[in-house]
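A short reminder: the numbers here are calculations on the coordinates, not readings from a lab. Please read all numbers here as calculations on a predicted model, not as lab measurements. Cβ placement follows ideal geometry from the backbone for every residue including glycine, while neighbour counts extend to all protein chains displayed.
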Amino acid sequence: MGAVLQVVLVAVGSPLLVGMMRQVRARLEGRAGAGIGQPWRDLRKLVRKEPIAPDGTGWVFRAAPLLLAGTVLVVAAVVPLVSTTSPLDEVADLFAVVALLALGSVALALGALDTSTAFGGMGASREMIVLALVEPTILLSVFALSVRVGTTNLGTIVTSAVADPLAVISPASLLAAAALAIVTIAETGRIPVDNPSTHLELTMIHEAMVLEYAGPDLALIEWASAMRLSVLLGLLTSLFAPWGIATGNAGLLALLLAAVVVIAKVALLGALLAAGEVFMAKLRLFRIPELLAGSFLMALLAVAASFFLA
Amino acid sequence: MSLWQKIRKTGRVAEPAPERAPGNVLPAAAELGGSVQLRHVDAGSCNGCEVEIASVFGPVYDAERYGARLVASPRHADALVVTGPVTRNMEMALRRTYEAVPEPRLVIALGDCARNCGAFAGAYGVTGPVSDVVPVDAEIPGCPPRPEAIVAALRELTGR
Amino acid sequence: MNLVGTLFCTALAICALSALAGLATPTRLRLPLAGLGTAGAGALGTAAGLAALLGESWSAWLPELLPLAGVRLAIDPLAGLFLAVTGVVALCAAIYGIGYSRDGLDGRVVQAAAPLFVAAMLLVPAAASVSTFLVAWELMAITSLLLVVADHRHRSAVGEAGLWYGVMTHLGFVAILAGLLAFAAGAGGESFDQLRQAELSPALRGTVFLATVVGFASKAGIVPLHVWLPRAHPEAPSQISALMSAAMVNMGVYGIVRVGLDLLHGGPVWWWMVVLIAGAISALYGILQAAVSADLKRLLGHSTTENMGLVLIGVGAAGLFAAWGNAVLAALALTAALLHVVNHAGFKTLLFLAAGSVQRATGTRDLDQLGGLRTRMPYTTGLFAVGALCASALPPGNAFVSEWLLLQSLIHALPTSGVVGAVTMPLAVGVIALSAGLAVATFVKAFGIGFLAKPRGPEAARAAESPPAMLGGMALAACCCLVLALAPTAILPVLSHAVAVALPGPGAVTGEVSLHLAGISSVISPLLIAVALGVAVAGTLALTRVVATRRVRRAARLWDCGGGPMSARMEYTATSFAEPLQRVFDNVLAPESDVDVTPVKESAYLVESVRFRAKVPDRIERRLYEPVLSVLTFVGRGARHLATGSVHRYLAYGFWALTGALIMLAVFQ
């Protein structure tokens, strides 16, 4: 029940979140903005357009958007956003969630390589480097979070955070939150790691991979990227600010209430992220490893803090 | 912090959207439903039109609020914005760009040069106006066209 | 003789017969006879191993077979595991070899050595005394060396690889020999049962452990003893590469587990810290070299070093936990390590065989020349994709399961492990994570550049699909990978018997669909992840079919910015794919590049041609081996001056030696 609600919420709400974030940026830049429904209008139009099979591409190119969207949908069902009890909680833990998201990136990178264009190769190469460098930070943050509760299953971690709200402001938790926030930015391709609204091919990572996709394929990719962003933001809020999440056998009303709360929290986080982007420029590609090394250090400190300060 | 003060002091710079008659949408663009991605092709322009396009998507005119957006790849685009007379070097490129756009696709000839070669008519390097190379759906006159004219033409595509 | 014994002895007998068939039969019969024989031996070895894993053990003493000590054999569940793995790899590789060996590898020596190599690998885990073990080990080294140099007539690199391999494997043999002889001398007997009951001083135990670990690590390709591996594995014929990389390296792990945990019953913390650190360095160094490598088989060889490193992290962690008294976690870590051995064997067999198909079809292993094989070799492409997915430790691949178990054992060690653990475990997790991330990048490169896109060279454009025997061998390996990936719960209870030999105790992992761990509440279910993923993808596909109005896919030219058609030279290559990574890890890899600019005759400012060369040398080899080699060369040159060929000089040597000996006797008597 909760899992179905979560998937629907993420599937429907994610484009709205992206629209909201664009709107926040527009307002801060003195513009009027296209309205928060614009990503949905874009998606509606894209699915009506004609799919294209560029010369020389094959099944990998076609399967990539499906796999990308599929992985995010599974993650949306597993991650506790509305309710901590998911029927899939026994299926996949936090490591599996991370690996599933990586699988989505890999699918897209292979789709990009399949086109044999230089941009596809470049985007795939960069995406894989970011993915490889992000991995240690994620797993160490998972480590720091799971030390307290003795498990990596998300339901338990979040439930224990609900039961013990003060643990959230422990040094270990705060450091892990900072590390995971940087990771989220890198994984979702936001400034300062990547610029989602760039037109200059040479500065792109994610956009360079999707240059050959058109119509419904592109719609799937944009939709999946939006879902990825909202799932990761939702995960961040559930891990570090789980207040209001439905625990145990919650009724329909409690689930709806929890849904409203999580929407508010994710919207707030998204707005903060968008506002932060206005104040920052994209980093050069070869400065990104330094940023990620910094986040790795924070995650390492988080683990150390969870042992020495416990 | 100074940037924050600047943002607060500046406030909104986008001019209020001018009135427009509802329902006045280009028939070919009806299917797009309020979202038009544009790929700009400079077929030999003097770059006067480019300056105007840049200002159209700048904060003051803010064409994005009507659902129009510039994109990097013709695969993502619904419409091509072509500027300048089509030079001989760009003729094939323009044709291929048009081929690369998925259906339904539109072409906007922006500026007098794109419509009828303007000042470059009869020049040795020019093939002809855009309509000689690819079918044109909308034209925006002017040398260069004013941003208001470009915005009005774009709104006929997006219907907003 | 019970079932295990019967199966095992039949397997050995078939190996011997196949070797004879390889020597004696005419060329036309040789391949199918030797190949099918080896495959049969592999299948029987697997059966013997599985039977042993299920609890039936077997031992035998044949005093007449070897002078002085006789041959002592014993198959317990731990040996059974390695028998089974070797058997499956041999089965796949032998079937594949029937098709693969047709071009130039159908000689008598190769066809006779391959079954003997398999027999030696079956004998090593079954050996139950020092002498038997050493004989089997040496037989394995010699037969594999013969097979590595099989192709020496066609390529000059083969000879060099054989030299490196021969020297390194024998240095390792010397270390194992010294360690085990010291052990046997201290124990007063050479059978493994006597060694188990030996009471040795801590210093001797430490020496034995270190010496054997050095020897076994050199076989497993652990840094800094790995230098032979990326040379020998790529140069060997591909089914032999698979046997070496998926089965032979495991023997190093087997040796460490057998000697360290079983015969010596574990040891102090520093032993296992050495193993863990060596494993961590190997994992990182191996995958970094793999990530920047543009040679497909060399890349796979480096990846073997990485995976053996991960296994040693698990073995080291198991020893550490046992030393700290945490038996449950120790069992979990060893289970993870052994499962990774099995998983690695599965996907590495598949990948090496697929790489061999590519090499056979295109004549090159250079990823920069490959590409576009998806349309020309569709089955090989699909099979390689399965292997690459498994190797990159992503669900639903098999390595994901074992790395997940390994991570679980490491992260839950923190509360009980003290300060040393609190420093080691996070770093070990970081190493595993980084190597997993880099493995993803590596195998995206190997698959995406090697098989997708368009051909980058004329050889790749002319490729054709492999014959059925080769595809059959690969498909079998792929099936094993899929079973391991989706139903690890079927294997883990059996695996726990092997773990119990080294670390007595109950199994660490239970569950039928999901993996439940003893003492840890983390749960995953690889099968259900795959099912959920399938449902989600199918749902997405159905959704797009419903909402999309234009269904027909229009073929269009690639978007080349409207310019001329794109040529293969504009594509990203493996080198360019790895370039950012090479820059990020500049300090570790120390890549070398040099640019030659030739100006035209008339003016120094006009360039006629520019040559750019870049390569990433093995830094450890350069820093560690080259100085040693140059000292050895120097000493060798010096020795040449001593032996000039003059008889007078040799007589003088004799005279002075005799005088010296007499003086010594006079002084010391």
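General observations
- Residue exposure sequence - C:S603, C:S521 - by fewest surrounding Cβ within 10 Å: C:S603, C:S521
- Of the residues B:A153, B:A30, B:I53, the one whose Cα sits farthest towards the positive end of the charge dipole of chain B is B:I53 (charges of +1 on Lys and Arg Cβ, -1 on Asp and Glu Cβ, taken about the Cα centre).
- Burial ordering of A:I185, C:I432, fewest other beta-carbon atoms within 10 Å first: A:I185, C:I432
- Axial C-alpha extent at least 30 Å, average Kyte-Doolittle at least 0.5 - helices from chain C (DSSP): C:3-24, C:27-53, C:77-100, C:156-187, C:269-292, C:296-323, C:327-362, C:418-450, C:526-547, C:647-668
- The GNM of chain A, with springs linking C-alpha atoms under 10 angstrom apart, assigns the highest mean-square fluctuation among A:P15, A:P51, A:P216 to A:P51.
- The mean sequence distance of close C-alpha pairs (under 8 Å, at least 6 residues apart), as a share of the length of segment C:286-536, puts its relative contact order at 26 percent.
- When you count the other C-beta atoms within 10 angstrom of each residue and take the mean per peptide, C:151-161, B:38-48 line up highest first as B:38-48, C:151-161.
- Only beta bridges with both residues in the protein assembly as shown are counted; by DSSP, about 55 percent of them are antiparallel.
- Span-rule helices in chain A, defined as complete DSSP H runs reaching 18 Å or more along the axis (Cα) with Kyte mean at least -0.5: A:2-28, A:59-78, A:94-114, A:118-149, A:171-187, A:215-240, A:252-278, A:288-308
- Proximal lysines relative to B:K9, as straight alpha-carbon distance under 28 Å, when same-chain residues fewer than 8 apart are discounted: A:K282
- Top positive-direction residue, dipole computed over the protein assembly as shown with Cβ charges, set C:L394, A:S116, C:G511: A:S116
- In a simple Cβ point-charge model (Lys, Arg +1; Asp, Glu -1; nothing else charged), chain C has a dipole of about 1620 debye relative to its Cα centre.
- Top of A:S86, A:S238, A:S230 by mean-square fluctuation, Gaussian network on chain A, Cα under 10 Å: A:S86
- Within straight-line cross-link reach of C:K219, lysines at Cα separation under 20 Å, skipping those fewer than 8 residues along the same chain: C:K297, C:K348
- Only Lys, Arg (+1) and Asp, Glu (-1) charged, at Cβ; segment A:98-238 dipole about Cα centre in debye: 480
- Each of C:T10, A:T117, C:T659 has some number of other Cβ atoms within 10 Å of its Cβ, and from fewest to most they run C:T659, C:T10, A:T117.
- Placing +1 on the Cβ of every Lys and Arg and -1 on the Cβ of every Asp and Glu, with nothing else charged, gives segment B:34-158 a dipole about its Cα centre of roughly 220 debye.
- Taking every C-alpha pair closer than 8 Å and separated by at least 6 residues, the mean separation divided by the residue count of chain A gives a relative contact order of 29 percent.
- With contacts taken as Cα pairs under 8 Å and at least 6 residues apart, chain C reaches a relative contact order of 12 percent.
- Considering only A:L100, A:L253, A:L269, the Gaussian network model of chain A with Cα springs below 10 Å gives its largest mean-square fluctuation to A:L253.
- Counting only aspartates and glutamates at least 8 places from C:K615 when in the same chain, those with an alpha carbon closer than 14 Å to its own are C:D295, C:D366, C:D368, C:E579, C:D586, C:E592, C:D594.
- For the residues of C:453-459, the average number of beta carbons from a partner chain within 10 Å of their own beta carbon is 3.
- Sites matching chymotrypsin sites (Phe, Trp or Tyr not before Pro) across segment B:98-149 that sit in DSSP coil, with at most 11 neighbouring C-beta atoms within 10 Å: B:Y124
- Scaled against 2.2 N^0.38 Å for its residue count N, the alpha carbon radius of gyration of segment A:2-308 is 0.97.
- When the charge dipole of the protein assembly as shown is built from unit charges on Cβ atoms (+1 for Lys and Arg, -1 for Asp and Glu) and taken about the Cα centre, the candidate among C:G356, C:L288, B:P74 whose Cα reaches farthest toward its positive end is B:P74.
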